[in-house]
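Here's the structure, in structure tokens; my notes come after.
The values are calculated or read from the model by the stated rules, or taken from the named source; none is laboratory data. Not measured: the values here are computed from a predicted model. Positions of Cβ are backbone-derived with ideal geometry, glycine not excepted, and every protein chain shown enters the neighbour counts.
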Amino acid sequence: MILGLIPAKRGSTRLPEKNIRPLGGKPMLCWTVQAARASGVIDRLVVSTEDEKVARVARDCGAEVPFMRPPELARDPAGVVQVALHALEALRKQGAEFKTLVIMLPTCPLRSAQDIKDAFALFTKKKGKFLMSVGPYPHTPFAALDLRKDGTLKPFFPEHGAKRSQQLPAAWRPNGALHILDVAAFEKARSYFGKPLLGYPMPAERSVDVDHEADFLEAERLLPKAR
């Protein structure tokens with residue numbers, strides 16, 4: 001059995017109620033629900049939230065909310081790992097066991113059903129335990145400089161200091177779209193950075209992770225291309 005899990009708390013320090021904020025005519029959370037259902041990969045699709053308003057939106061979009069998460073898991077320093085472990089345990093108490101867990105953050109609304117299919121196919125082909133989706137850095141981190149207290153600059157990566165941008169290694173960042181995990185390995189590691197960690201690359205236009213207002217506006221701009 002494959003569990004699709006969408007962590008969706010109501011609060012956000014930078015962008016209030018971002019998970020249910022309307023994006024392209026529907027709550028942002030619904031784009032993730034829609035992609036997960038269309039992928040054909042997920043056996044059960046569950047939203048973990050502490051909030052009844054978010055739960056209603058999730059159900060209206062077509063996801064299950066079979067439990068409410070404790071309020072302390074909706075506040076820092078609790079993170080996605082703790083939320084996922086709680087979800088697995090809550091469902092286990094209800095008699096449901098899962099072999100594979102697919103975590104999809106609602107803040108990455110432009111991931112497609114095909115992304116989920118392709119990432120799961122890679123995970124299966126490689127007999128993976130841990131897979132993470134990644135997007136390209138907009139600017140290479142290998143050109144980063146440290147501005148020191150004395151006002152001088154020092155390269156963080158001096159071995160790349162004399163290279164042109166096209167000569168620098170490609171760098172990727174987690175984009176929040178997908179974590180595919182072997183449940184037994186995940187519960188043992190209590191981390192989604194277990195080894196070996198497979199990477200599923202996604203293009204920049206589907207890797208927007210909404211954290212600030214500018215990210216939301218970028219998602220709105222790119223949404224017609226992602227449909």
If you check 152, 140, which single one turns out to be of a type outside the set (Asp, Glu), without any contact (Cβ under 8 Å) to a residue 12 or more places away in the chain and farther than 30 Å from residue 100 by Cβ? 152
All conditions in (1) surrounded by 22 or more Cβ atoms within 10 Å (Cβ to Cβ); (2) free of Cβ contacts under 8 Å to residues at least 40 places away in the same chain; (3) assigned to a loop (DSSP other than H, G, I, E, B) are true of residue 30 except (3)
Which condition number does residue 142 fail, the rest of (1) more than 24 Å from residue 41 (Cα to Cα); (2) at pLDDT 90 or above; (3) surrounded by fewer than 17 Cβ atoms within 10 Å (Cβ to Cβ) being met? (3)
So which residues in region 73-104 are over 16 Å from residue 130 (Cβ atoms), of a type in the set (A, V, I, L, M, F, W, C) and out of contact with any Pro (no Cβ under 6 Å at 6 or more places or on another chain), if there are any at all? 73, 74, 78, 87, 90, 91, 96
Need the failing condition index for residue 72 against (1) in a loop (DSSP other than H, G, I, E, B); (2) at pLDDT below 95, just the number. (1)
Across region 183-216, which residue is nearest to residue 126 (Cα to Cα) among those that are in a loop (DSSP other than H, G, I, E, B) and in contact with a Pro (Cβ under 8 Å, 6 or more places away or on another chain)? 203
